[in-house]
Amino acid sequence: MPETVFAKIIRGEIPARIVHEDERCLAFHDVQPQAPVHVLVIPKKPVENVAALEGGDEALAGHLVLVAAEVARALGITDGYRLVFNCGRDGGQSVDHLHLHLLAGRRLGWPPG
Ligand code: DGP
């Protein structure tokens, strides 16, 4: 998989506003926020997107979701939030490294655009 800007953030070569880090993942504020709270949770393992997850990645995928919920709690989000994996061109994915969006702080529309 070609290197992305997120690989550079994982290695600390590009600054990011990190809100959580552990051995498997990193969570940081999105540089182009679409809501008052917009955090990305990414695996340190290079995985292109949800479609590239394999058998054996179940724990990793679940970990991203649990970390997103933990970050939401830590940021004091009490009125709800949305978790989104964009996948591929039609899914609106622009960075080809798996990432889970945590969006909160305003009433989000449905269906998404
Ligand atoms: P997506 O469109 O689902 O692939 O989301 C990619 C997100 O990544 C997008 O909301 C903007 C964010 N992003 C892109 N480059 C950077 C960066 O260098 N730093 C941070 N913090 N976020 C980035």
Subject >> Nitroxide proxy distance, nm - points 7 Å out along Cα→Cβ at residue 52 and residue 1 >> reply: 0.4
Original post:
Want the number for residue 21 to residue 106: 0.36 nm per residue separation, take away the alpha-carbon distance, what's left?
Top reply: 28.0 nm
Subject >> Lys/Arg +1, Asp/Glu -1 at C-beta; the chain dipole; positive extreme among 4, 18, 50 >> reply: 18
Subject >> Cβ charges +1 (Lys, Arg) and -1 (Asp, Glu), total dipole of region 39-113, debye >> reply: 340
Original post:
Once Lys and Arg get +1 and Asp and Glu get -1 on their Cβ, which of 84, 63, 38 lies farthest toward the positive end of the dipole of the chain?
Top reply: 38
**OP:** Within 10 Å, count the other beta carbons around each residue, average over each peptide in 84-94, 25-35, 103-113, and list them highest first.
**Re:** 25-35, 84-94, 103-113
Original post:
Residue by residue, what Karplus-based ³J(HN,Hα) values in Hz, rounded to whole numbers, does region 60-77 have, using 6.51, -1.76 and 1.60 with θ = phi - 60° and x for Gly and Pro?
Top reply: 5, 4, x, 4, 4, 5, 5, 5, 4, 5, 5, 5, 4, 4, 5, 8, x, 6
**OP:** Show that you can apply the helix-only estimate: for the chain, add -39,500 (n - 2.57) for every DSSP H stretch of four or more residues, divide by all residues, and state [θ] at 222 nm to the nearest 500.
**Re:** -6500 deg cm²/dmol
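Only the coordinates and a few stated rules stand behind these numbers; no lab work does. In this text the structure is predicted, and so the values were computed from the model without any measurement. All Cβ positions, even for glycine, are placed from backbone atoms using ideal geometry, and neighbour counts span all protein chains on display.
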